[in-house]
Every structure is written in structure tokens, then in C-alpha cells.
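Reviewing the structure listed below.
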Amino acid sequence: MNMNQSNESYPKLDSKYFIAFNLTHETLKNGLSKNSSLNPAEYRLLLQIAAAKDGGVMQSELSELLLLKPNVISQSLKILEELKLIERIAPEGEDQRKRQVFITEQGLKHIASIDRRIVEDLYENFPTQVDVYKHILEESIFAGAAINSDLTEAFGGKYKSSLALSAFELYRKHLALSLKQHCKCNLHEARVLQRLSELSEAVRLSELSEQLILNPVNIGRAVDSLAKKDAVTRLQSNRDKKAVYVVLTNEGEFLVDLVQNCVNSTAEEFIFKNLNSDQCQAIVDAEKVILKNFNDKRRSDQLESLRPID
């Protein structure tokens with residue numbers, strides 16, 4: 001673990017960071033889903049088992065390592081075993097619950113194949129044609145792969161995109177748990193609160209959905225939940241009865257502080273504390289490139305869709 005930075009120098013994460021984080025995370029997940037029948041939880045499990053190599057890993061340890069419920073672990077192991085990607089072995093005469101799990105040769109080949117295809121997806125979806133952008137994006141993925149230092153060391157520099165996906169999934173789980181425990185809200189609600197605080201004025205729900213790149217349904221649910229907590233107020237325009245706006249309340253301002261502290265402390269603990277200063281900066285720099293790329297694509301799509309008015 002690299003402890004080159006003081007707490008004060010860790011990056012603070014705003015709403016733009018989470019937009020970029022989600023775009024990267026979704027691209028990594030899509031790369032997996034297009035090329036494997038495994039879901040992210042099953043793939044993370046396969047990576048964890050592969051990291052143990054010849055020593056295997058106790059089935060009972062996996063739930064705590066991956067923040068997955070025991071029933072999810074059991075079901076996922078069954079799927080991986082049926083696909084012959086892993087094997088479970090219990091010492092002779094021992095309780096079957098003490099079985100150790102080992103990666104198979106087929107499992108290792110699957111990881112290598114999937115990681116290669118995830119890389120191809122990243123290069124296809126992000127602006128790697130520009131050398132500067134390519135370097136920034138590559139460095140951010142390398143940094144993401146280094147977050148879980150135990151896995152990184154176990155694989156000796158291999159499978160960086162897969163390791164980044166695993167680290168991002170685990171970070172999201174830690175953040176979701178922390179937000180639920182300390183702020184009584186979920187990640188969508190936290191992102192809405194963040195953005196409203198940054199705007200400091202009422203904003204239309206449709207604009208909020210566009211700005212955060214979140215589905216309008218998810219925005220609506222988050223705002224409904226926050227309104228029940230008296231964290232936001234919904235407003236209606238006298239000029240347009242269909243237009244619904246939302247603004248923070250005093251209670252919401254207080255909740256924003258809790259959320260931001262939770263976001264930053266969780267990022268420090270599960271991302272930045274494990275990285276050196278260059279790696280932290282690489283993750284922050286990627287935000288600008290990813291957002292610019294997305295906005296350029298969105299603008300291009302809008303222009304291409306235009307047609308003359310009859």
C-alpha cells in the first residue's frame with residue numbers, strides 16, 4: 001500500500017466524477033456481458049479464485065472478500081463449476097463446507113480472453129485516437145487495476161481492465177453500504193443531492209436527468225424518496241404545468257454535507273489510499289477526457305438526427 005499522500009491531498013469527488021466513473025464502469029461491464037455469460041459478480045469471483053492460484057481459497061472466505069451474500073457466492077460457484085472454470089475440493093473426511101476452490105486451466109483461459117475483449121471495447125468506446133487522451137485513459141485503467149493491491153500483485157501486471165472492473169464494483173458496494181448506513185440514502189439519491197448542491201438553484205427534472213446521465217425513471221424515484229425525507233422540494237412552473245423542478249431544502253443542505261463526507265471518506269479508504277499520487281491524478285484526469293468524449297458524441301448524434309421541417 002502506498003502512503004505517499006496526506007489525507008488533505010486526496011481528490012474530492014463531485015457529480016462530474018461520478019458521471020465519468022459510471023460511464024467507465026458501464027463500458028467495462030458491457031465488455032464483459034458482450035463476451036461472456038458471466039455477470040460481474042461471477043467474474044469477480046473467478047478473478048479472486050484465480051488470484052489464489054495453486055493454493056486455492058476457502059469457500060467460506062469469499063463472501064467477506066467480495067462483499068457478496070453467502071447465497072450469491074454459492075449460486076455463483078455452482079455456475080462457475082458447471083462451466084468447468086473452477087473446481088471445489090474438500091480434504092478427505094472433512095466437512096464439505098470447508099471445501100477449497102481452485103481455478104482450472106479453462107478458467108484462466110476465459111479470464112485472458114475476456115480481458116482482451118474488454119480492452120478492445122474500451123479502445124472502441126473512448127477517444128484513444130488522440131495520443132494524449134489514449135495515455136490518460138490507459139493510465140486511469142492501470143490505476144483502477146492497482147486499487148486492490150492483493151489482486152494486482154497476484155496477477156503480476158496481467159488483466160488490468162478486469163482488475164479495474166473488479167475494483168470499481170467493490171468500491172460501489174462499499175459506497176452503497178456507507179451511504180445507507182450513514183446517510184440513509186442510495187447512490188442515485190446521493191448523486192442528485194450532489195448536483196443540486198452544485199447548482200444552488202431549482203432545476204427541471206428532465207435537465208437533471210440529462211446532466212447526470214441517469215434514466216428519468218431513476219431520477220424520478222430518487223427525487224420522490226428525497227422529498228419524503230424533506231431533503232428536496234418539488235416545484236411547478238406557472239407557465240408550463242408539465243414542467244417539474246426540484247430544489248434543496250435546509251434539511252437537504254445538511255444531508256449533502258453528510259453525503260459528501262461519506263463519498264470522500266469511502267473513496268479515500270477504498271481507492272486513493274491504495275494508490276500513489278500519480279495514480280490518483282490519473283483517475284481524476286480521466287474524468288475530463290471521458291466527459292468530453294461523451295458530450296462530443298451526444299452533440300454529434302443530435303446534429304445527425306436533424307432534418308428539414310416540412
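The values are calculated or read from the model by the stated rules, or taken from the named source; none is laboratory data. For clarity, every value in this text was computed on a predicted model and none was experimentally measured. Neighbour counts run over all protein chains shown; Cβ positions are idealised from the backbone, glycine included.
For the reader, a short list of remarks on this structure follows.
- When the residues of the stretch 233-271 are filtered to those that are closer than 12 Å to Leu205 by Cβ and in contact with a Ser or Thr (Cβ under 6 Å, 6 or more places away or on another chain), the one that is modelled with the highest pLDDT is Val247.
- The residue that is farthest from Leu85 (Cα to Cα), among those in the stretch 108-151 that are at pLDDT below 90 and not in a helix (DSSP H, G or I), is Val130.
- Going through (1) part of a helix (DSSP H, G or I); (2) modelled with pLDDT of 90 or more one by one, Val284 falls short only on (2).
- Qualifying residue in the stretch 156-176 (condition: over 21 Å from Ala41 (Cβ atoms), touching a residue at least 12 places away in the same chain (Cβ under 8 Å) and either in contact with a helix residue (DSSP H, G or I) (Cβ under 7 Å, 6 or more places away or on another chain) or crowded, with 18+ Cβ neighbours inside 10 Å (or both)): no
- Subset tally (residues that are polar (S, T, N, Q) and surrounded by fewer than 16 Cβ atoms within 10 Å (Cβ to Cβ)) for the stretch 250-275: 3
- The stretch 230-281 - residue that is among the charged types (D, E, K, R) and part of a loop (DSSP other than H, G, I, E, B) and, of those, nearest to the chain's Cα centre (by Cα): Asp230
- Any hit, the stretch 34-47, residues being touching a Cys at 6+ places or on another chain (Cβ under 7 Å) and not in a helix (DSSP H, G or I): no
- Taking the conditions (1) without any contact (Cβ under 8 Å) to a residue 60 or more places away in the chain; (2) closer than 19 Å to Ala154 by Cβ in turn, Tyr43 satisfies each one other than (1).
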